[in-house]
Amino acid sequence: MSGRVSVLDDAAELRPRAVSGRAPDVFSREDCVPMAQFRDEEEVDFAIVGTGCGGGVLAAKLAEAGGSVVAFDAGPFFRPLADFASDEREQEKLYWLEERISDGENPIELGSNNSGRCVGGSTVHFQMVALRFRPEWFQARTKLGYGADWPVDWREMWRYYEEVEKACSISGPIRYPWGPKRGRYPYRAHEVNAAGLVLARGAEALGIDWAPTPLCTLSAPHGKSPPCVYRGMCKIGCSTNAKQSVLVTYIPRALAAGAEIRDLATVGRIETDRWGRATGVAYFREGRWRFQKARHVIVAGYSIETPRLLLNSHSARHPDGLANSSGLVGRHLMVHSNHAVWAEFDEEIRWYKGPPSMACCEHWNYADDDPTKDFDGGYAFMSQGPLPSDFATSIVTNSGEFGMDLRARMAKYNRMAGLKMVGETMPQADNRVTLSEGKDDLGLPRPRVTFGYCDNDKRLYAHALDFMGRMIEAAEGKNRFETEGTAHLMGGCRMGEDPKTSVVNADGRSWDVPNLWVCDGSLMPTGGGVNPSMTILANAARIADRMIAAGRRGEV
Amino acid sequence: MSARQAAHRERGSRSIGLDAVAAGGVIALVAAFAIGSALRPERKSDPVHRRATRKARDGAAILGASVLMDSAMEHFRGGFHNRAMVLAPATAAASIAASLAEPRPDRTGRLPRLGHALSFAVGAAGLGFHFYNVTKRPGGLSWNNLFYAAPLGAPGALAISGLLGLTSEALSIAPVDGNRTGNEALAWSLPEAGRGLALATGGSLLVTAAEAGLLHFRGAFHNPAMWLPVTVPPATGLFLIGEAANPTDSGREVTRWAARGVAVLGVVGTAFHVWGVHRNMGGWHNWRQTSLAGPPTPAPISFTGLAMAGLAALDALGSEERSS
Ligand SMILES: Cc1cc2nc3c(=O)[nH]c(=O)nc-3n(C[C@H](O)[C@H](O)[C@H](O)COP(=O)(O)OP(=O)(O)OC[C@H]3O[C@@H](n4cnc5c(N)ncnc54)[C@H](O)[C@@H]3O)c2cc1C
Ligand code: SF4
């Protein structure tokens, strides 16, 4: 490439980088940008826990509106150009791999497929599929008869989708076949790779629509980010900055607007006073516990860490955990069923080239009247491009193939294609996050994640496997096989209109503690049949505006 | 199979590197200019006539050079996976030589005309191939395929360079004194030839701007300067067509300034594309990849070529008023 040889070190993981009034310049290999810094005893307007979709957007928008903001992240502050390698093992540093207990009827495999741990959150290693909810899903209970309603009008959400799609320069098709008409995506869709064309071929053979996937990576330069180079390392962190993660979009905005980011800073508790109001957060950084005073605390740690923190912040006034008078903190946790079909092809596909999911099909999110649809909710599916160890791992876990069998299977890696679903699961109260007895290195109780599919979930993924199987065969795939799995997390602190059936209101403000807010994927009352990041970003952008408006009215 | 995928597929089995293609392109370009110039002795004739002819043929040569480099790079990216893909740069080189060669009414003069006709034919055939490549992919005539499958505009440019060559031939052999010899198939009078050329260049500017428009749309007009080539050249193209239909003194003056603007735009556009390549990962250090992935550096200069042909057409049209 440029002839420069870079040596990776683990400096970002060992010592905080956002210190002494400077934070890493994510567009450089070693430079910094200036950063505001607040003292612990200074009561800041907002202490935000987490810097992913929810926390990152809030940090930027609240600081831009003039608020004093400190945003904490348990993970490191990376400079992708210098810190990311094209190596699956090395990049495990992006995942939340702290031990968590997983149980229930269908325990979720926790790690690379659920949550990240670095400034920018899970978007640093997400796969960039940038879809919107179907409008009716915001009223799933009233309009479609399942799940729960969101306390938000879909038209408002659509305005915010547009806002965040612009901020992330989403590259999407000119005509999107499903749902109400949407405005033009800021950037044009990427060239669909051979793996995507398999989906396209299959869809055309079965006579249903397909589309180039709207993706959160650039198809033309933007600011200091170059366009995508189609090397396909997206899921392990993009080392070019073409991927428009929160790390390279909202975090630089937040810093420029005067927010402070504290990396390698784990928040262990939210403290409350004797009137029950939050006073700030206790956090662990540089080897010791500290306390940051704040007028408002916003929790944005995602669906496992947010409930964990709230539950762990119990006090005499809040014996069952903060914001938990409804008993719903940690409940209604959802995943997406992530089952897939794979097949071999005569021609070379080389599916690792380009972002992993370049073609998508949302047919079953909209086909309410199809007589074969025997489930509530919906699913989308996308073409696939797993990196080698990822693929080998999923074969071993699913089929148990090993040794020469695995080798023979992997020898076909370049001639394979797959279709993987993002299937809606129902919000069930017993799928939940609780605290276990065990403690982590900081002495915090480890989370226990309990999950099981309901009958509807099972019908849904069975339908998807059958349909995707027919499609891949129509695309002339041979020796088909299936794998199962889950992706994404949603729910755990649902928002709603009734304090008895929700944890926070439509603004993300907790019903119990007026200066405690939640803003991340855990707010989602239903999961929808699409990847969640755009919905979480849009919801966060909306909540930021609501907070700013409330502030102007003197209510914040 | 897309061009890009093919490139990845073929590169391993091929020893030609991008540097070889670049070097080959430059050698072909220099050779074409050398051969063309050698065949181009000075001739005593009407100064307007000569100037117009020169300009038109230099314009056609510049266009040919743009096509040569562009098609060499793009077809390299496509791994030359179809043998016929070498035809495009080869014909473009012939077209440059033909444009630079001095037209002669004798038999040797046929050779350049044949060269132009060949460019036109290969360009038209290429258009057919590229169209087939677009429609056979899933999605058919979709935006994604128009953006990323074989570009329709590129062989179009080759055909245009042939067309311009032929028209400028007509201009060069047009009898200065108004007496037709009757020997020449394309024996137009000078103003007639000027009209023909104005029409050809005007149309070509529209088509080329459409191609730039498609590709700049693909680039989401991320830089406002990307609007320039989709506004100034088509306006100029329309002016030229207007002049061909109804030449006027004042119209010609406006069109002349517009055409000069287009000529400058070709150079400015090249600079922008050089900058654009730099904005890709690794910048010019990584030119083997970025010069292929970024905006095509040889493309914008085609506007300069077309503008020169347009100016030549205006000169020839102007001679009408002087002679009548
Ligand atoms: C492998 C993978 C692929 C994905 N692909 C897609 C996709 O293609 N499309 C899509 O739409 N979505 C995708 N997602 C999902 C998407 O990334 C997440 O839904 C989204 O990022 C969640 O946003 P969030 O703000 O809720 O949490 P996150 O983005 O996860 O941010 C939470 C942050 O909080 C920090 N944190 C947590 N607890 C604490 C604490 N106590 N103290 C300090 N910091 C804390 C964490 O370190 C983390 O950085 C993918 C996810 C994964 C894991
Ligand atoms: S394929 Fe594109 S988005 Fe993915 S890692 Fe490479 S440059 Fe980044």
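The values are calculated or read from the model by the stated rules, or taken from the named source; none is laboratory data. Just so it is clear, the structure is predicted and the values come from calculations on it, not from any experiment. Neighbour counts are summed over all protein chains in view; Cβ atoms, including those assigned to glycine, are modelled from backbone coordinates with ideal geometry. Ligands, DNA and RNA are stripped out before the accessible areas are found, and what is left, the full protein with its side chains, is counted by its heavy atoms. Shrake-Rupley method; radii C 1.70, N 1.55, O 1.52, S 1.80 Å.
Kindly indicate whether any position in the range A:195-212 is open to solvent by 10 Å² or more (accessible area, probe 1.4 Å), within 12 Å of another protein chain (Cβ to nearest Cβ), outside any loop (DSSP other than H, G, I, E, B) and among the acidic types (Asp, Glu).
Yes, there is a match, as at least one residue in the range A:195-212 is open to solvent by 10 Å² or more (accessible area, probe 1.4 Å), within 12 Å of another protein chain (Cβ to nearest Cβ), outside any loop (DSSP other than H, G, I, E, B) and among the acidic types (Asp, Glu).
Please enumerate the residues belonging to the range A:257-287 that are open to solvent by 40 Å² or more (accessible area, probe 1.4 Å), within 16 Å of ligand 1 (Cβ to nearest atom), touching a strand residue (DSSP E or B) at 6+ places or on another chain (Cβ under 6 Å) and among the acidic types (Asp, Glu).
Of everything in the range A:257-287, just one residue is open to solvent by 40 Å² or more (accessible area, probe 1.4 Å), within 16 Å of ligand 1 (Cβ to nearest atom), touching a strand residue (DSSP E or B) at 6+ places or on another chain (Cβ under 6 Å) and among the acidic types (Asp, Glu), namely A:GLU271.
Counting only residues that are part of a loop (DSSP other than H, G, I, E, B) and modelled with pLDDT of 95 or more, which one in the range A:181-194 is nearest to the other protein chains (Cβ to nearest Cβ)? Even if it seems obvious, please write down each step before you answer.
Pass one, the range A:181-194, residues part of a loop (DSSP other than H, G, I, E, B): A:181-186, A:189-193.
Of the ones still in play, those that are also modelled with pLDDT of 95 or more are A:184-186, A:189-193.
On the way: A:ARG184: 9, A:TYR185: 9, A:PRO186: 6, A:ALA189: 6, A:HIS190: 8, A:GLU191: 4, A:VAL192: 6, A:ASN193: 7 Å.
That would be A:GLU191.
Looking at (1) closer than 30 Å to A:LEU310 by Cα; (2) away from ligand 1 (no atom under 11 Å from the Cβ), which is the only condition A:ALA242 fails?
Result: A:ALA242 passes all but (1).
If you check A:MET547 against the conditions, is it away from ligand 1 (no atom under 12 Å from the Cβ), buried (at least 21 other Cβ atoms within 10 Å of the Cβ) and not in a loop (DSSP other than H, G, I, E, B)?
Here the answer is yes, as A:MET547 does meet what is asked.
Among helices (runs of 4 or more DSSP H) lying entirely in the range A:1-114, which contain 3 or more residues that are away from every other protein chain (no Cβ under 14 Å) and not β-branched (Val, Ile, Thr)? Outline the logic, then answer.
Numbers: elements: A:11-14, A:53-64, A:80-83.
By residue number, A:11-14, A:53-64.
Scan the range A:210-259 residue by residue and report those that are more than 21 Å from the chain's Cα centre (by Cα) and among the basic types (Lys, Arg).
A:LYS224, A:ARG231
Please state which one of A:ALA18, A:ALA65 is open to solvent by less than 10 Å² (accessible area, probe 1.4 Å), out of contact with any Cys (no Cβ under 6 Å at 6 or more places or on another chain), touching a residue at least 60 places away in the same chain (Cβ under 8 Å) and among the hydrophobic types (A, V, I, L, M, F, W, C). Walk me through it before giving the result.
Numbers: A:ALA65 fails: open to solvent by less than 10 Å² (accessible area, probe 1.4 Å).
Answer to the selection: A:ALA18.
For A:ALA140, indicate whether it is surrounded by fewer than 24 Cβ atoms within 10 Å (Cβ to Cβ), more than 9 Å from every other protein chain (Cβ to nearest Cβ) and within 29 Å of A:ASP374 (Cβ to Cβ). Give the derivation first.
Values: surrounded by fewer than 24 Cβ atoms within 10 Å (Cβ to Cβ): no; more than 9 Å from every other protein chain (Cβ to nearest Cβ): yes; within 29 Å of A:ASP374 (Cβ to Cβ): yes.
Here the answer is no, as A:ALA140 does not meet what is asked.
Scan A:ASP376, A:ASP405 and give me the residue that is surrounded by 15 or more Cβ atoms within 10 Å (Cβ to Cβ) and more than 14 Å from chain B (Cβ to nearest Cβ).
Values: A:ASP405 fails: surrounded by 15 or more Cβ atoms within 10 Å (Cβ to Cβ).
Result: A:ASP376 is the single residue among A:ASP376, A:ASP405 that is surrounded by 15 or more Cβ atoms within 10 Å (Cβ to Cβ) and more than 14 Å from chain B (Cβ to nearest Cβ).
Tally the residues that are of a type in the set (Gly, Ala, Ser) and either within 14 Å of ligand 1 (Cβ to nearest atom) or within 14 Å of another protein chain (Cβ to nearest Cβ) (or both), restricting the search to the range A:298-320. Give the derivation first.
In the first step, residues of the range A:298-320 are kept if they are of a type in the set (Gly, Ala, Ser); the result is A:300-301, A:303, A:313, A:315-316.
After this cut, where a residue has to be either within 14 Å of ligand 1 (Cβ to nearest atom) or within 14 Å of another protein chain (Cβ to nearest Cβ) (or both) as well, the list is A:300-301, A:303, A:313.
Here the count works out to 4.
Can you tell me which residues in the range B:109-123 are open to solvent by 40 Å² or more (accessible area, probe 1.4 Å) and either touching a residue at least 24 places away in the same chain (Cβ under 8 Å) or of a type in the set (A, V, I, L, M, F, W, C) (or both)?
Taking the range B:109-123 first, the residues open to solvent by 40 Å² or more (accessible area, probe 1.4 Å) are B:110-111, B:113-114, B:117-118, B:120-121.
Correct list: B:LEU111, B:ARG113, B:LEU114, B:ALA117, B:LEU118, B:PHE120, B:ALA121.
For B:ALA235, state whether it is of a type in the set (A, V, I, L, M) and modelled with pLDDT of 95 or more.
For B:ALA235, the condition - of a type in the set (A, V, I, L, M) and modelled with pLDDT of 95 or more - is met.
Only one of B:ALA220, B:ALA244, B:ALA258, B:ALA263 is among the aliphatic types (A, V, I, L, M), surrounded by 20 or more Cβ atoms within 10 Å (Cβ to Cβ) and within 14 Å of another protein chain (Cβ to nearest Cβ). Can you tell me which? Steps first, answer last, please.
Values: B:ALA244 fails: within 14 Å of another protein chain (Cβ to nearest Cβ); B:ALA258 fails: within 14 Å of another protein chain (Cβ to nearest Cβ); B:ALA263 fails: within 14 Å of another protein chain (Cβ to nearest Cβ).
After ruling out the rest, the residue left standing is B:ALA220.
Each row is one residue, and each column tells you yes or no for (1) touching a helix residue (DSSP H, G or I) at 6+ places or on another chain (Cβ under 6 Å); (2) outside any strand (DSSP E or B); (3) modelled with pLDDT of 95 or more.
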position: A:ALA220; (1), (2), (3): no, yes, yes
position: A:TYR230; (1), (2), (3): no, yes, yes
position: A:LYS235; (1), (2), (3): no, yes, no
position: A:SER239; (1), (2), (3): yes, yes, yes
position: A:SER245; (1), (2), (3): yes, yes, yes
position: A:ARG253; (1), (2), (3): yes, yes, yes
position: A:ILE261; (1), (2), (3): no, no, yes
position: A:VAL267; (1), (2), (3): no, no, yes
position: A:GLU271; (1), (2), (3): no, no, yes
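Which of the numbered conditions does A:ARG141 fail, given that it passes all the others? Conditions: (1) within 30 Å of A:VAL26 (Cβ to Cβ); (2) part of a helix (DSSP H, G or I).
Exception for A:ARG141: condition (1).
Across the range A:419-441, what is the total count of residues that are open to solvent by 50 Å² or more (accessible area, probe 1.4 Å) and aliphatic (A, V, I, L, M)?
Going through the range A:419-441 one residue at a time, the tally reaches 1.
Considering only the range A:228-245, how many residues are more than 7 Å from ligand 2 (Cβ to nearest atom), in contact with a Phe, Trp or Tyr (Cβ under 9 Å, 6 or more places away or on another chain) and either farther than 18 Å from A:ASN113 by Cβ or basic (Lys, Arg) (or both)?
The first filter runs over the range A:228-245 and keeps only residues more than 7 Å from ligand 2 (Cβ to nearest atom), leaving A:235-237, A:241, A:244-245.
With in contact with a Phe, Trp or Tyr (Cβ under 9 Å, 6 or more places away or on another chain) added as a condition, the list becomes A:235-237, A:241, A:245.
Narrowing the set further to residues that are either farther than 18 Å from A:ASN113 by Cβ or basic (Lys, Arg) (or both) leaves A:235, A:241.
The qualifying residues number 2.
Of the residues B:PRO151, B:PRO112, which is outside any helix (DSSP H, G or I) and touching an Asp or Glu at 6+ places or on another chain (Cβ under 8 Å)? I'd like the intermediate steps shown before the answer.
Values: B:PRO112 fails: outside any helix (DSSP H, G or I).
Testing whether each residue is outside any helix (DSSP H, G or I) and touching an Asp or Glu at 6+ places or on another chain (Cβ under 8 Å) leaves just B:PRO151.
Against the conditions (1) open to solvent by 40 Å² or more (accessible area, probe 1.4 Å); (2) in contact with a Leu (Cβ under 8 Å, 6 or more places away or on another chain); (3) not polar (S, T, N, Q), where does A:VAL449 fall short? Just the number, please.
(1)
Is the range A:114-129 home to any residue that is farther than 22 Å from A:ASP376 by Cα, more than 16 Å from ligand 2 (Cβ to nearest atom), surrounded by 22 or more Cβ atoms within 10 Å (Cβ to Cβ) and of a type in the set (Gly, Ala, Ser)?
Yes: one or more hits.
Going by what's in this entry, would A:GLY237 be described as more than 9 Å from chain B (Cβ to nearest Cβ), surrounded by fewer than 22 Cβ atoms within 10 Å (Cβ to Cβ), on the phi > 0 side of the Ramachandran plot and in contact (Cβ under 8 Å) with a residue 60 or more places away in the chain? Outline the logic, then answer.
On the way: more than 9 Å from chain B (Cβ to nearest Cβ): yes; surrounded by fewer than 22 Cβ atoms within 10 Å (Cβ to Cβ): no; on the phi > 0 side of the Ramachandran plot: yes; in contact (Cβ under 8 Å) with a residue 60 or more places away in the chain: yes.
Taking the combined requirement at face value, the residue does not satisfy it.
Can you confirm whether the range B:279-297 contains a residue that is open to solvent by 10 Å² or more (accessible area, probe 1.4 Å), among the hydrophobic types (A, V, I, L, M, F, W, C) and away from chain A (no Cβ under 13 Å)?
Scanning the range B:279-297 turns up no residue that is open to solvent by 10 Å² or more (accessible area, probe 1.4 Å), among the hydrophobic types (A, V, I, L, M, F, W, C) and away from chain A (no Cβ under 13 Å).
Being among the acidic types (Asp, Glu) and either within 14 Å of ligand 1 (Cβ to nearest atom) or in a loop (DSSP other than H, G, I, E, B) (or both) is the filter; apply it to the range A:321-369 and report the residue that is most open to solvent (accessible area, probe 1.4 Å).
Taking the range A:321-369 and keeping what is among the acidic types (Asp, Glu), we get A:344, A:346-348, A:362, A:368-369.
In the following step, the residues that additionally are either within 14 Å of ligand 1 (Cβ to nearest atom) or in a loop (DSSP other than H, G, I, E, B) (or both) were identified as A:346-348, A:362, A:368-369.
On the way: A:ASP346: 110, A:GLU347: 72, A:GLU348: 43, A:GLU362: 0, A:ASP368: 68, A:ASP369: 143 Å².
Among those that are among the acidic types (Asp, Glu) and either within 14 Å of ligand 1 (Cβ to nearest atom) or in a loop (DSSP other than H, G, I, E, B) (or both), it is A:ASP369.
For the range A:296-315, name all the residues that are in a strand (DSSP E or B) and out of contact with any Ser or Thr (no Cβ under 9 Å at 6 or more places or on another chain). Lay out the reasoning, then the answer.
Initially, the range A:296-315 is screened for residues in a strand (DSSP E or B), giving A:296-299.
A:HIS296, A:ILE298 - these are the residues of the range A:296-315 that are in a strand (DSSP E or B) and out of contact with any Ser or Thr (no Cβ under 9 Å at 6 or more places or on another chain).
Please specify each residue of the range A:210-239 satisfying the condition of being within 15 Å of ligand 1 (Cβ to nearest atom), closer than 24 Å to A:GLU162 by Cβ and not hydrophobic (A, V, I, L, M, F, W, C).
Correct list: A:PRO212, A:THR213, A:PRO214, A:THR217.
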